[in-house]
1. Which order results if B:448, B:364 are arranged by neighbouring Cβ count within 10 Å, fewest first?
2. For a distance above 21 Å, tell me the whole-number percent of Cα pairs in segment A:177-282 that qualify.
3. For segment B:413-518, what does the convex hull of the Cα positions come to per residue, in cubic angstrom?
4. In whole Å, what are the extents of segment A:58-187 along the principal axes defined by its C-alpha atoms, from largest to smallest?
5. P(r) of segment A:59-117 in 5 Å steps, Cα pairs, percent per bin?
6. Could you put A:35, A:123 in order, starting from the residue whose Cβ has the fewest other Cβ atoms within 10 Å?
7. Could you check what % of the DSSP bridge pairs in the protein assembly as shown are antiparallel, to the nearest 5?
8. Does chain A come out rounded, prolate or oblate by the C-alpha gyration tensor, with a ≥ b ≥ c the root eigenvalues, rounded set by a/c under 1.5 and, if not, prolate when a/b is larger than b/c and oblate if not?
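Any read-out appearing in this document is the output of simple, stated calculations on the displayed coordinates, not a laboratory observation. Everything numeric in this text was worked out from a predicted model, so none of it was measured. When we count neighbours, we look across all protein chains shown, and the Cβ atoms used for this are built from the backbone with ideal geometry, even at glycine.
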């Protein structure tokens, strides 16, 4: 049977401290990611939630303050002339554009400097839910409407208006957002499923886009998107073979592509995909856990690789980072280790947070 | 910070550092402000452009500034520019990007902006781009941004080559794909594990075929060379995944045809029973019509479809879909049975259990009336309708002729068998899957299929000995092969399409005769761990599955014609699948693993604690199960009305 790590192996308290620290302050190497700051907030808040310390970590004032900060990143349609900026609506990652700070959001965002971003909208909504907000200040019509501008002819999504990159990651974001807001009218689901179908490769993994190699991250995004659209059966060429591809990525931890080294985060991307395909029980939990234990940093947090191999990290003094920390915790939660809150693999937040979404948020509650 | 030795700097050093930082912060903020002012006044001028350069040099992830920069160029600086000016401007973009790239070799923004610049440039130098991306892949041969970019560059290069009529041009469009092909060969020879290179090869091969307008013979020759290359990779390192995956692609996989095994009408129950060889979901109800002519004027018949023993698949968020092998249509109107009933099944109304199976054509199945046995021959008209081509890997490498495919499979099977001689126990699963492909490529009735099944069984036996962790998987694989072999006598290839199967004449005749002794089959002592395709057994009255390794009996729900079933000496844990069976009168469950009263009760009683309406009392033998030892026979009285439970 699966053995659970003794407290000496999973350094819980250090991870809690690490996540709390990141919420307050990030090392200067993170400056260039300021446009993505919302995702870091999500990693930290969801990580603390899965470790079941989120409630005790926040004072009510802190919680309200952060909820306000998140809403201040919301770009809303221009009152007098919505056509002016309706394609920019949603949440941005941080006040990077220098716009006026207003907890009610801004209505005068000007392209191109100030524009919302699908990944930030998704993580913003997750953060609001984690902070127990009921989403009453979210402008659903604006977000759903803006989505129409972001989907391309081939069914893929760009993350922001006129962005040149478009791939499966943002199809996932669109699906997750639509689910949270309980409204799938913002995009052509047929085309999206079509794009996913075409991005599958001959080895039954799924790539970022047609022509590319299959990859653990895009495989998760595709399967999760199909799950949220209720189209897994039609979207996958062969569910069995995709499961086999995913399982073949396990070495002790998981790799993202054949012949690449194992990396903490793929324990979640591949593990989550397998969970959604009802095949997670076929994973070797012990080996997976053993690998994850080695990527913990002695300063707290998880790194991508075991520290002695982590020469790829540009953060020499802080080998851990919020993304891999969150992914390590999420991966352990998937294995239902005691002391971890149950994770919903599709939306990548705790099941109890989803319950709150359904029972208490304005877009779902009866 | 955690664990780091803290040396407190002197106050003066501290002050200077703060000052320097403050200056940097101010400079950055000023830049951003200035930028914002520019966009407010919609001035797409040089000053704005320079601001974006400064910001992006410090922070290339500030993605909206890239958008702004592009707009400045298109709507401002280059709006009225001539060709030379544009060329210079975009060349400068490339220089700018190159500097940024050193620090960020995996940045989406940089690659995308580079593509955009080249697309807008009057005279892009694609050759130089090719060299550049070659260097990128030297640094990191798995950088998928790099490979993707390479595909983009080569496609541009070949378009340009095809369009140009420059006589001095030394390259032709054909040789570009070839040289790319050689590039991947180089990369692979450097390192067989370079999966990205193999993957690229799989993209180039079809282009090569197309460009050179290769004949089938030429294609075959190229593919054979590919197989040789893979073979050397496999022999060098049989553990490396890349070569095996490429081999998988080369071999390809045929789409499985879903078969409609048969359909009959039971006037007593006013039901049509329709049988598939796959567990399908129904997207839209199949049309049932009545009439004697073959035009479309037949009258629609009213009723409802449900699967026998249907199971809900997956926890879907919005809807649950029922799947089943056997589907039953209950009529809600009275009809005369003198005219023909027809079921029309469109491919688009079915969800197969996995997407590599397809119903190939619209089937119009005439339903046989089992009480009217004059006309047993079931006719099937198949209207050929354009089935949407499913995306099957590498159709380009599948040979056009079936016999060639069989030959290819046999050859590759031998390659692996040779490897097995050198390194026993390797690659057995690949071998088994190739044998399955060969089985499918050959015609069903031939002896070859049976021999192949025997071979598969022997390899499964080997795997079971070697790999104790995966016994269940191999036993299931083995069960599939055995089941196919043992039930081959019940079915035949259909005349219209040899790849689909239907019940054969003998099976139909035995079924119509309503005789238990004729319509029976023994699958006793076959090491079966599960029943892969229960619908094949649909027309049986009597079935012997004793002395196997079945852990579940839920498949029985499909077998609505069974009168007697023998499941003695299996590994069954609970009674299941019998609630809807109306003609079942005897069930032998001796020597299984049923250990609790609930395991019996839950299988026999409906949700409201009432029992099913059997035509006769169902006799159930439970001797030799663990629950008997516990002496709880007194509790079984609740079943007395419907069941005759024999414990001793």
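1. So the residues, fewest neighbours to most, are B:448, B:364.
2. When all Cα pairs of segment A:177-282 are counted, 31 percent exceed 21 Å.
3. With only Cα atoms used, segment B:413-518 gives 113 Å³ per residue.
4. 46, 29, 23
5. Per 5 Å bin, starting at 0, the Cα pair percentages come out as 4, 22, 30, 21, 12, 6, 3, 1, 0.
6. Working: A:35 21, A:123 28.
Arranged by neighbour count, lowest to highest, A:35, A:123 become A:35, A:123.
7. Working: 54 of 75 bridges.
Of those bridges, close to 70 percent are antiparallel.
8. Details: a/c = 1.64, a/b = 1.21, b/c = 1.36.
Oblate.
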